[in-house]
Structures are given as C-alpha cells and as structure tokens.
1. Which pairs turn up if I take residues in region B:39-57 that are more than 9 Å from ligand 1 (Cβ to nearest atom) and look for partners that are assigned to a loop (DSSP other than H, G, I, E, B) with beta carbon separation below 7 Å, at least 6 apart in sequence or on another chain?
2. Looking only at residues in region B:1-45 that are surrounded by 22 or more Cβ atoms within 10 Å (Cβ to Cβ) and not in a strand (DSSP E or B), which one is nearest to ligand 2 (Cβ to nearest atom)?
3. Determine which member of the set B:123, B:107, B:156 is more than 14 Å from chain C (Cβ to nearest Cβ), more than 16 Å from ligand 2 (Cβ to nearest atom), charged (D, E, K, R) and under 21 Å from residue B:199 (Cβ atoms).
4. Counting only residues that are more than 8 Å from every other protein chain (Cβ to nearest Cβ) and farther than 19 Å from residue C:206 by Cα, which one in region C:109-137 is nearest to the chain's Cα centre (by Cα)?
5. What's the number of the only condition in (1) surrounded by fewer than 19 Cβ atoms within 10 Å (Cβ to Cβ); (2) closer than 22 Å to residue A:27 by Cα that residue B:114 fails to meet?
6. Return only the number of the condition from (1) without any contact (Cβ under 8 Å) to a residue 40 or more places away in the chain; (2) within 11 Å of ligand 1 (Cβ to nearest atom) that residue B:75 does not satisfy.
7. Given the options B:81, B:96, name the one that is in contact with a helix residue (DSSP H, G or I) (Cβ under 9 Å, 6 or more places away or on another chain), over 22 Å from residue B:212 (Cβ atoms) and touching a residue at least 40 places away in the same chain (Cβ under 8 Å).
8. Could you list all residues from region B:81-105 that are under 15 Å from the mean Cα position of the chain (by Cα) and more than 16 Å from ligand 1 (Cβ to nearest atom)?
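Quick note: the coordinates plus some simple rules give every number you see, no bench work behind them. Values in this document were obtained by computation on a predicted structure and should not be read as measured data. Virtual Cβ from ideal backbone geometry, glycine too; neighbours counted across all protein chains shown.
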Amino acid sequence: MSVENTVTTKTSSELVNRDKPIKVKPLNKVTIVIRLTLLSLVLLSIYGFLTFDYKDVGLIEGIAASIANFRVMFTEAHFSHFNFLEGLHQVFITIGLALLTTLIGAIISLFLGLFAAQNLSTVRVSNMIKSFVAFIRAVPTVLWVLIFAVSAGLGSVAAVIGMTFHSVGYLIKAYSESFEELDEGVIEALRASGANWWQIVWQAVIPSTITYLVSWSFLRFEINFGVAVAMGAAAGAGGIGYDMFMASTFYLDLREVGTITFYILIFAILLEVVAIRIKRHLKTV
Amino acid sequence: MTMLLELHDVSKQYGNNTIALSDVNFSVREGEFVSVIGPSGAGKSTLLRCINRMIDASNGEIVFDGVNALGLKRKELRNLRTKIGIIFQHYNLVDRLSVIENILHGRLGYKSAITGALGIYSREEKEQALKLLNILGLEDQVYKRSDQLSGGQKQRVGIARALIQNPKMLLCDEPIASLDPNASKVIMDYLKDISKSMGITVLINLHQVDVALKYSDRIIGVSKGSVVYDGSPRHITKEEIHHIYGSEAGDLIMDLGEDTDYAG
Amino acid sequence: MQDKFFLKKRLNSILLFCFFLAITYGAIIITEYNVMDGFTSVPEAFRWGISNFYPTQSSLEKLPNIMEKLIETLLISIASATIAGIFALIFAIFGSNTTKINTFFATISRFIATLFRNIDVAVWSMILLFSFGQSALTGYFALFFVSFGFLTRAFIETIDEVSNNSVEALRATGASYSSIVIHSVIPSSAPQMLSWLLFMIETNIRSATLVGILTGTGIGFSFDLYYKSLDYNSASLVVVTIVIAILLLESLSNYIRRVIL
Ligand SMILES: Nc1ncnc2c1ncn2[C@@H]1O[C@H](COP(=O)(O)OP(=O)(O)OP(=O)(O)O)[C@@H](O)[C@H]1O
Ligand SMILES: [Mg+2]
C-alpha cells in the first residue's frame with residue numbers, strides 16, 4: 001500500500017463540501033447533558049443570589065469583617081474557659097464519639113452489607129436493604145440525633161445512636177458495592193468445591209475485599225470526626241464541638257473560637273494524612 | 001546530505017543514582033528511517049524524549065535542524081516541538097473528543113495562547129485534517145469519539161495528529177507494542193510510506209528486532225544507557241544482537257528474526 | 001512450618017481483636033456512653049416515633065412555609081457548590097502534578113484547600129456567624145468553603161488520573177499551557193468533575209440542615225423551631241420534605257452520571 005495511491009483513489013473533496021464550514025465539535029448526548037446540567041446549575045445559582053434572605057447584611061462589608069475576624073482568630077487565639085489539657089480532653093471525647101460510631105456502624109454494616117450485595121444475596125433482599133439504606137442516608141445525621149434525643153435525652157447516647165444510623169447507611173452502600181465488584185470466578189471456585197455460604201464469605205469474600213473495607217471505614221471515621229464536632233455544637237453531644245458552640249454563641253469570644261479551630265484543624269489534618277497513608281499502603285499491598 | 005539531528009555526549013540522570021543515558025553520540029540524516037532497539041530499561045524512551053525536551057537532558061548537546069535544543073527558551077522550544085511529531089505507544093488521545101478534534105490538536109503549537117485556547121482552526125487546517133484521515137483510511141471515523149476506536153485506528157489518529165504538525169521528524173516510542181501483528185504491519189507500512197513520500201525523518205523505538213531490521217535504513221542498539229551498535233541492518237550479526245540484548249535473550253530474538261528478509 | 005503459619009495468622013487476628021476491644025472500651029469511657037441505655041433506647045425511640053413523629057392534617061397547613069425554606073436551602077446548596085466548583089477548578093489546575101506551573105504554587109494551592117476542607121462546616125458556620133449574623137450568607141459561605149476544599153482535592157485527583165497521557169501528547173506538539181488545559185485536561189476530566197459537583201450538592205443539602213439549625217436560617221431553622229416547640233408533627237413534615245428532596249436529587253444526578261460517565 002502506498003500513500004500516493006490512497007490519495008488519488010479517494011480524494012478529500014468527497015468529504016469536503018466547498019460551501020459549508022467544516023464542523024469540528026460533534027454534538028452528542030453526553031455533551032448536551034453536560035452543558036445543560038452546567039447551565040441549569042449556573043442559572044439556579046444566579047436565581048438563588050437574587051432571592052436569598054440577606055437580612056440587610058452587605059456582601060462586601062461581611063467579607064471584610066470576616067477577613068478581619070479570621071486575622072484575630074488565628075493570630076490572637078487564646079485560652080479562657082479551658083486550658084490546653086482540658087481542650088485536648090474535649091478533642092478526645094469527639095474522637096471517641098467518632099470511633100465508637102464508626103466501629104459499631106462497621107460491624108452492623110458488614111453483616112447487612114453481605115445481604116445487600118447482589119452476588120451474595122437474592123435480588124429481593126438486596127433491593128429491600130438498599131432502598132431502606134437510601135432512606136436512612138437521606139435524613140441528615142443531625143436530624144437522626146435530634147429525633148433519638150427526644151426519647152433518650154440530649155447527650156452521648158442519642159449522638160452515638162444517631163451517628164451510627166447514618167454511618168450504617170453510608171457503609172452498607174460502600175461495602176455492598178465492594179462485594180459486588182468481586183470477581184464472580186472466586187465465588188464460583190469455592191462453591192464448586194462444596195463450600196457453604198458462610199465459608200465463602202469468610203474465606204473468599206472478606207479476604208479479597210478487606211482493603212476496600214478498611215479504607216471505606218477509615219474514610220467514614222474521618223467524616224464522623226467532623227460530624228461529632230457538629231453534634232457537639234448542634235445536639236449537645238459534648239466534646240470540642242460543644243466548646244465551640246459556647247465560645248461562639250454565648251461568650252462571643254472570637255479568640256477562643258480561634259483556639260478551638262486550631263484543635264479541630266490539627267486533628268482533622270492528622271486523620272486525613274493517616275487516611276492517605278492507609279490508602280497508599282493498601283494500593284501497594 | 002545534511003544532518004537533521006545530532007547528539008553529542010548526551011547524558012541523563014534521574015535522581016541521584018539512576019543513569020538512564022551516558023554519553024550518547026549519533027546523528028540522523030534528513031529522510032532517514034532509524035530504529036532504536038535495546039532491552040527494557042535501556043533508556044530508549046528517555047533518549048527519544050530528550051530530543052524534543054519532554055525530558056531535559058543532564059549534559060551534552062542536541063542539535064536539531066541547526067538549532068541547539070538545550071539552549072532554547074520557552075517560545076523557541078514550542079517552535080522546535082512543532083517541527084517534531086511524537087507517536088506514543090498508548091496513543092495518548094483525549095478519549096472523550098472526536099477523531100478530528102484530536103487530529104487538530106497537532107496544530108495547537110502554531111497558535112497563540114488565545115486562538116489555541118479557543119480552538120479556532122482555519123479552513124485549511126480542517127481540510128488538511130480530513131485529507132490525512134483519508135490517507136490513513138479513517139474517513140468513516142471523523143466524528144467518532146476516539147475511545148470507540150480500535151487500537152490500530154487510534155494509532156493512525158496519533159500519526160495524523162503528528163503529521164498535521166508538518167513535522168521534519170517523527171519520534172515514535174514503541175508505536176506497535178500494543179497492537180496485533182496485522183495492525184502492526186499496517187502502522188509500520190504507513191510510517192515507512194510517509195517517510196519515503198513526504199521525506200520525513202523517522203526515529204523509532206522498537207521491541208521487535210525483525211520489524212526493525214525489515215523497515216529501517218539504520219539500526220541503533222542501546223544497552224544500559226549507551227549506544228552499543230550503530231549501523232546498517234544488513235550487516236548486523238547475531239553476536240551484535242546478543243551484545244545489545246545480553247546473551248540469553250539473543251537466542252530467542254534471532255530465532256524470530258532468522259527467516260525474515262532483513263533487506264525489506 | 002505450616003503449623004506456625006496458621007498459628008501466626010490466628011495470633012494476629014486475636015491481637016487485632018483485642019486492640020479494637022481496647023479502643024472501643026476507651027471510647028466508651030471517655031464519651032461516658034451508657035451501653036445499656038444505648039440498647040434500650042433504640043426500640044424506645046422507634047415506639048415513640050411511630051406514635052408521635054408523623055405529619056398530621058394540621059401540620060400540612062405549614063407546608064407552603066416549609067417549602068419556601070426548603071427551596072431556599074436547595075438554592076444555597078447549589079449556589080455554594082457551583083461557585084466553589086469554579087474556584088476549585090482553578091486551584092486544582094495549579095495544584096495538580098500534571099498541570100502545575102511550579103511546585104511553589106502547587107503547594108500553596110493544596111495547602112489552602114486542605115485548610116478549608118478540614119474545618120468542619122459546623123465550625124465554619126459558627127465562625128461566620130460573627131460577621132454575617134443570621135443572613136443566608138452565613139450558610140452560603142460555610143458550605144462554599146467546605147465545598148471548595150473538598151472539590152479542589154477531588155478535582156486534583158481527577159486531573160491526575162484522567163489526563164496524564166494526552167497532556168504529554170499536546171505538550172509534544174508545542175501547544176501552549178492554556179491550550180493544553182482547555183483541549184486536553186478539561187475535556188478528559190469534565191464528566192468526572194461534574195459527577196463530583198453533583199455529589200457535593202447532595203452533601204450540601206444535608207449539611208445545610210445542620211448549618212440552618214446552628215445559624216437560624218433555612219430549612220434547619222424550620223425544623224429547630226417546630227422541634228423546640230414540641231410540634232413533632234410539623235417537624236416530621238420537615239424531615240419528609242428533606243428526604244423527598246434528597247432522594248429526587250439523587251436519582252436525577254444518578255441519571256446524569258449514567259449518561260455522561
Ligand atoms: N521519570 C523517571 N524517574 C526516574 N527514573 C526513570 C524515569 N523514567 C525512566 N527512569 C529510569 O531510566 C531508565 C531508562 O528508562 P526508559 O524508560 O528510557 O527505558 P526504555 O528503554 O524505554 O525501556 P522500555 O523498553 O521498557 O520502555 C530505567 O532504569 C528507568 O527505571
Ligand atoms: Mg520505553
């Protein structure tokens with residue numbers, strides 16, 4: 001085959017119509033959907049800005065005030081209602097909440113996640129669990145906590161149960177999707193050798209997915225740390241979040257808010273670094 | 001004949017202890033078809049990428065078309081790169097864009113930041129793209145998304161993208177390593193034809209010794225970062241191939257190469 | 001040899017189990033969590049919920065009011081995620097290893113994103129309460145900051161995953177930096193980025209409820225109001241509307257994801 005040959009047998013003029021411009025960007029469904037979505041988001045944002053309830057707070061003054069506040073918070077942070085060690089103690093309470101809810105959530109989710117995975121369960125059971133879980137996730141965590149607080153009282157019990165609820169909703173989805181990605185052949189091999197369901201789960205399913213399970217669980221732990229801070233502030237769950245709430249809405253002490261922000265920031269970054277380490281480690285194993 | 005490319009004592013060191021290239025010297029004449037062969041990790045990819053400064057060589061001198069590539073500033077470097085087309089093993093197309101958009105990417109080097117960013121192509125450029133598609137037998141795939149193409153078709157898009165640059169030289173880094181024998185032959189034939197009919201110089205990394213011997217005007221053997229063979233494919237001996245690849249692998253390669261017509 | 005292998009494996013499992021037991025115990029002590037109450041209060045809460053926590057005819061009258069707040073909250077969530085997405089795109093391009101201009105800018109941009117992401121949305125809203133008060137802007141900025149931090153990281157990962165090869169090809173043609181970004185990075189990563197943006201909006205609606213409770217705005221404020229006045233029927237109606245909104249939004253974005261990814 002020769003280049004000259006190809007050129008002469010099929011001239012480019014067949015393709016090029018002299019009058020029409022040559023289009024370069026073909027419109028397909030994907031492009032259209034992406035553009036429509038983006039356009040709607042931008043229009044909705046603009047509409048939002050036009051209709052928000054600003055309560056006479058000017059955007060520019062607000063931003064200027066915020067910047068001034070940030071400077072005070074971060075450069076003049078101080079202790080007034082608690083000392084360094086007490087603050088640390090409060091952070092550990094928050095971490096304890098996150099830990100407890102993640103662990104309990106992980107155990108419950110592991111079992112329900114097995115039944116929610118389509119390749120390990122029946123379609124009906126799987127769909128039932130999945131839609132129930134979608135409902136659990138749709139209710140914001142703070143509402144779960146507050147709903148539980150009516151009968152259990154505000155405090156760690158309501159916080160732990162409410163946060164566990166939401167963690168379960170999140171982890172069942174994550175776990176069951178990891179199980180579903182498992183190679184069908186692995187399960188088949190064990191089934192062919194006469195293994196029963198639990199044996200397959202313990203010997204094949206969990207060992208092959210453990211890395212995903214661990215990284216999802218730790219990710220949830222990271223999220224739960226933030227949630228635990230929020231629950232301390234919004235639902236009386238104690239910990240550093242509660243101090244934050246007091247400092248900002250009762251004492252109006254910007255400098256102490258700064259101190260608390262430092263505590264939260266440092267621990268959150270620490271968790272993120274560990275999570276990245278775990279993820280990287282698991283990738284190489 | 002003039003020399004299009006000259007390398008003088010080119011070295012490249014990664015980090016503190018990986019020496020990928022050491023004192024490489026060779027030159028390529030205009031219109032020549034040169035294959036670089038050598039074992040994995042010998043430094044072939046590094047060598048190719050040093051030429052248009054995708055990687056900066058640590059030492060030495062690279063003269064392309066009378067210009068010292070290592071001394072160039074940003075603007076001049078972009079200018080140099082437009083004159084050298086690269087063809088990659090994994091095609092490196094923008095999957096979500098159409099075939100013709102991918103090909104026109106080859107023109108971006110000629111554009112100012114603004115016209116380039118806006119993707120404004122002239123009618124001539126578009127016509128040239130269609131012509132190249134025709135030459136490469138892709139006339140039915142113009143508006144297809146490039147991730148819907150087969151490997152061989154993707155590589156032809158890669159070639160078209162390089163050709164629309166109007167390059168003086170093509171650098172090909174294992175262009176057929178991911179293709180089946182049929183598609184490989186099609187790609188190699190195209191490259192050879194392009195080199196002949198358009199007078200474009202080709203420097204190509206290959207893992208298939210028989211293919212290299214069949215298509216090239218000249219073979220450069222690289223081993224552990226040094227050029228250990230530089231000469232015609234006709235005169236290369238079994239021992240020399242052993243020397244390039246290390247003795248054990250040599251047997252396998254020569255068994256493959258034995259019954260091919262080296263002269264092509 | 002074999003015995004040892006299995007023994008070691010078992011020993012490891014036991015150690016791991018003890019470790020988790022110990023930290024669980026530690027967590028229970030430090031949070032003063034009452035395990036017995038924890039067990040008994042779940043059925044109790046359900047009993048209470050079934051007999052008290054449902055919308056009634058009279059609470060339905062508050063629906064227009066609730067809807068108004070819900071729509072405001074939805075708009076805040078969308079606006080904060082969208083605008084944050086624009087900023088995140090710029091920061092991600094400077095922060096990604098594939099497209100960074102230099103290491104200095106990359107580090108700075110990653111650092112800023114880390115800062116914003118790791119301060120929880122509840123904390124942001126309490127900080128911003130000082131300067132914006134009970135305005136919708138408090139919630140907007142709190143969500144904006146967190147979305148910005150999160151999306152920057154997500155976008156950086158997307159760029160690094162998706163566009164490495166084609167960026168190399170365009171650089172080899174001599175294309176300018178802006179051309180490379182616009183013709184290679186953006187088209188390759190746009191669908192994945194849009195998917196993250198939709199995810200962010202879903203997350204923001206949940207967070208907006210929390211922010212509303214803390215700052216007295218939007219749907220969270222409605223809930224808090226009914227909840228504190230013990231009007232559980234209306235409070236449950238708020239929950240129902242939120243759930244419906246989130247489920248609708250989720251199915252819409254899942255549809256979009258199916259088409260574009
Ligand atoms: N970015 C890099 N950083 C550090 N070391 C590198 C890098 N790229 C290549 N190397 C090292 O340089 C040496 C030469 O690599 P190169 O990719 O050029 O080999 P190659 O001949 O192309 O191999 P192959 O045939 O497998 O593609 C190898 O030892 C490799 O490990
Ligand atoms: Mg290579």
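1. B:50/B:57
2. B:44
3. On the way: B:123 fails: under 21 Å from residue B:199 (Cβ atoms); B:107 fails: more than 14 Å from chain C (Cβ to nearest Cβ).
That would be B:156, the only listed residue that is more than 14 Å from chain C (Cβ to nearest Cβ), more than 16 Å from ligand 2 (Cβ to nearest atom), charged (D, E, K, R) and under 21 Å from residue B:199 (Cβ atoms).
4. C:113
5. Here residue B:114 meets the rest and fails (2).
6. The number of the failed condition is (2).
7. Sole residue among the options that is in contact with a helix residue (DSSP H, G or I) (Cβ under 9 Å, 6 or more places away or on another chain), over 22 Å from residue B:212 (Cβ atoms) and touching a residue at least 40 places away in the same chain (Cβ under 8 Å): B:96.
8. Scanning region B:81-105 gives B:81, B:82, B:83, B:84, B:85.
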